[in-house]
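Before any comments, here is the structure.
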Amino acid sequence: MLQDEVVVITGVGPGLGSKLALRAAAEGAKVVMAARSTDVMDQVTKDVTAAGGEAVGVSCDVRKPDQVAHLVDTAVDRFGTITGLVNSAFGHPGFFDLLDTPEKAIRRSMDIILHGALNVTRAVVPHMKAAGRGSIVNIGTMTTRKPMRGEAGYAVAKAAMATATQFLALELGEHGIRANQAVLGWLDGPGVRFYLKLTAESRGVTEQDVYDEIAARNPLGRIPADEACAGAVLFLLSRLASEVTGATLDVNGGEYMPA
């Protein structure tokens with residue numbers, strides 16, 4: 001699916017980011033990972049190499065243009081070009097009502113999710129233009145479409161990213177560059193597993209009870225797994241989606257169905 005593509009993925013941690021990197025490499029892409037911590041990236045690089053693929057991890061805070069420049073330079077020096085970008089890096093300001101969320105926390109979330117994504121996109125696009133093609137996928141959240149209390153500070157930053165995605169699609173299409181958004185809901189990965197544990201303990205029920213309550217909200221009857229959701233992102237990256245730009249793809253097991 002991604003043969004001959006060079007894909008940059010930001011926010012590579014133990015959840016969705018690492019699954020995206022592993023699956024992109026398995027589909028033939030050369031993968032360049034970015035995160036502030038290198039522990040997960042180091043392991044992913046080893047796994048990709050052992051499977052015969054190519055990947056490199058770069059310590060990078062997407063809020064800092066000099067570090068973003070180093071990330072992009074590393075990608076081009078190693079693989080010659082960049083044709084794909086997944087903006088997955090995020091910062092969560094905590095579970096509060098919007099007006100109770102500390103302003104500093106909201107600004108930090110906005111700096112990572114919106115401005116960080118724009119920093120990386122700004123640095124990557126010249127290489128996509130030179131290649132004559134490119135695909136940008138921004139990772140959104142279902143809470144922008146189905147508000148959930150406690151997620152406001154996070155959702156407003158993701159909503160700003162959603163608008164940016166449409167304008168990128170409009171402005172970059174003439175260069176053969178597509179921009180789309182994959183809107184994810186509950187993801188059965190490390191973060192949700194931690195949530196299940198805390199919620200079960202606070203309510204005096206089992207983790208399976210909490211899981212079942214969440215899973216019952218969608219027609220598929222399960223919490224979508226990180227790895228399974230990665231496939232939708234890879235589709236948008238790939239040339240199979242050559243005519244798709246400015247689109248929003250809901251990946252949530254059917255919990256939210258747009259009218």
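The values are calculated or read from the model by the stated rules, or taken from the named source; none is laboratory data. Just so you know, these numbers come straight off a predicted model, no measurement behind them. Positions of Cβ are backbone-derived with ideal geometry, glycine not excepted, and every protein chain shown enters the neighbour counts. These accessible areas exclude ligands, DNA and RNA; they are computed on the full protein's heavy atoms, side chains included. Shrake-Rupley method; radii C 1.70, N 1.55, O 1.52, S 1.80 Å.
Of these, 232, 200, which one is hydrophobic (A, V, I, L, M, F, W, C), farther than 21 Å from residue 160 by Cα and open to solvent by 10 Å² or more (accessible area, probe 1.4 Å)? Give the derivation first.
Numbers: 200 fails: open to solvent by 10 Å² or more (accessible area, probe 1.4 Å).
Of the residues listed, the single one that is hydrophobic (A, V, I, L, M, F, W, C), farther than 21 Å from residue 160 by Cα and open to solvent by 10 Å² or more (accessible area, probe 1.4 Å) is 232.
(1) of a type in the set (S, T, N, Q); (2) in contact with a Pro (Cβ under 9 Å, 6 or more places away or on another chain); (3) open to solvent by 60 Å² or more (accessible area, probe 1.4 Å): which one isn't true of residue 218, the others all being true?
(3)
Looking at the stretch 45-55, which of its residues are in contact (Cβ under 8 Å) with a residue 24 or more places away in the chain and part of a helix (DSSP H, G or I)?
Quick first cut of the stretch 45-55, residues in contact (Cβ under 8 Å) with a residue 24 or more places away in the chain only: 47-48, 51, 53-55.
Listed by number, the residues that qualify are 47, 48.
Is there a residue being in a helix (DSSP H, G or I), open to solvent by 10 Å² or more (accessible area, probe 1.4 Å) and either under 30 Å from residue 147 (Cβ atoms) or among the aromatic types (Phe, Trp, Tyr) (or both) anywhere in the stretch 56-71?
Of the residues in the stretch 56-71, the ones in a helix (DSSP H, G or I) are 65-71.
Then drop every residue that is not open to solvent by 10 Å² or more (accessible area, probe 1.4 Å), which leaves 65-67, 69-70.
Those still in the list that are either under 30 Å from residue 147 (Cβ atoms) or among the aromatic types (Phe, Trp, Tyr) (or both) too: none.
Checked against the condition, which is being in a helix (DSSP H, G or I), open to solvent by 10 Å² or more (accessible area, probe 1.4 Å) and either under 30 Å from residue 147 (Cβ atoms) or among the aromatic types (Phe, Trp, Tyr) (or both), the stretch 56-71 yields no hits at all.
Would you tally the residues in the stretch 82-112 being among the β-branched types (Val, Ile, Thr), out of contact with any Phe, Trp or Tyr (no Cβ under 8 Å at 6 or more places or on another chain) and within 20 Å of residue 233 (Cβ to Cβ)? Don't jump to the end; show me each part of the working.
Keep residues of the stretch 82-112 that are among the β-branched types (Val, Ile, Thr), which gives 82-83, 86, 101, 106, 112.
Still in the running and out of contact with any Phe, Trp or Tyr (no Cβ under 8 Å at 6 or more places or on another chain): 82-83, 86, 101, 106.
After this cut, where a residue has to be within 20 Å of residue 233 (Cβ to Cβ) as well, the list is 82-83, 86.
Here the count works out to 3.
Kindly indicate the residue of the stretch 1-32 that is out of contact with any strand residue (DSSP E or B) (no Cβ under 7 Å at 6 or more places or on another chain) and under 22 Å from residue 61 (Cα atoms) and also surrounded by the most Cβ atoms within 10 Å (Cβ to Cβ) among those meeting that condition. Before you say what the answer is, go through the steps one by one.
Initial filter on the stretch 1-32 (out of contact with any strand residue (DSSP E or B) (no Cβ under 7 Å at 6 or more places or on another chain)): 1-4, 14-16, 18-19, 22-23, 26-28.
With the extra rule that they be under 22 Å from residue 61 (Cα atoms), the set shrinks to 14-16, 18-19, 22.
Numbers: 14: 16, 15: 20, 16: 27, 18: 25, 19: 22, 22: 21.
The selected residue is 16.
Please go through the stretch 25-44 and give me each residue that is part of a helix (DSSP H, G or I) and over 22 Å from residue 191 (Cα atoms), ordered by number. It would help to see each step written out before you state the result.
Initial filter on the stretch 25-44 (part of a helix (DSSP H, G or I)): 25-26, 39-44.
Result: 25, 26.
So how many residues does the stretch 125-155 have that are open to solvent by less than 60 Å² (accessible area, probe 1.4 Å), farther than 15 Å from residue 173 by Cα and either among the hydroxyl-bearing types (Ser, Thr, Tyr) or out of contact with any Ser or Thr (no Cβ under 6 Å at 6 or more places or on another chain) (or both)?
Residues of the stretch 125-155 open to solvent by less than 60 Å² (accessible area, probe 1.4 Å): 125, 127-128, 131-132, 134-144, 148, 150-155.
Now drop any that are not farther than 15 Å from residue 173 by Cα, which leaves 138-144, 148, 150-155.
Still in the running and either among the hydroxyl-bearing types (Ser, Thr, Tyr) or out of contact with any Ser or Thr (no Cβ under 6 Å at 6 or more places or on another chain) (or both): 140-144, 148, 150, 152, 154.
Total satisfying the criteria: 9.
Return yes or no: is residue 256 closer than 26 Å to residue 14 by Cα, in contact (Cβ under 8 Å) with a residue 24 or more places away in the chain and open to solvent by 10 Å² or more (accessible area, probe 1.4 Å)? Show your work before the answer.
Numbers: closer than 26 Å to residue 14 by Cα: yes; in contact (Cβ under 8 Å) with a residue 24 or more places away in the chain: yes; open to solvent by 10 Å² or more (accessible area, probe 1.4 Å): yes.
Against the criterion (closer than 26 Å to residue 14 by Cα, in contact (Cβ under 8 Å) with a residue 24 or more places away in the chain and open to solvent by 10 Å² or more (accessible area, probe 1.4 Å)), residue 256 qualifies.
Could you check the stretch 72-95 and list, in sequence order, the residues that are hydrophobic (A, V, I, L, M, F, W, C), modelled with pLDDT of 95 or more and open to solvent by 60 Å² or more (accessible area, probe 1.4 Å)? Before you say what the answer is, go through the steps one by one.
Kept after step one, since they are hydrophobic (A, V, I, L, M, F, W, C), are these residues of the stretch 72-95: 72, 75-76, 79, 82, 85-86, 89-90, 95.
Checking the rest, the ones that are also modelled with pLDDT of 95 or more come to 72, 75-76, 79, 82, 85-86, 89-90.
The answer is 90, and nothing else.
Please pick out the residue among 110, 128 that is closer than 17 Å to residue 164 by Cα, in a helix (DSSP H, G or I) and modelled with pLDDT of 95 or more. Talk me through it step by step, then tell me what you get.
Numbers: 128 fails: closer than 17 Å to residue 164 by Cα.
None of the others qualify; the one that does is 110.
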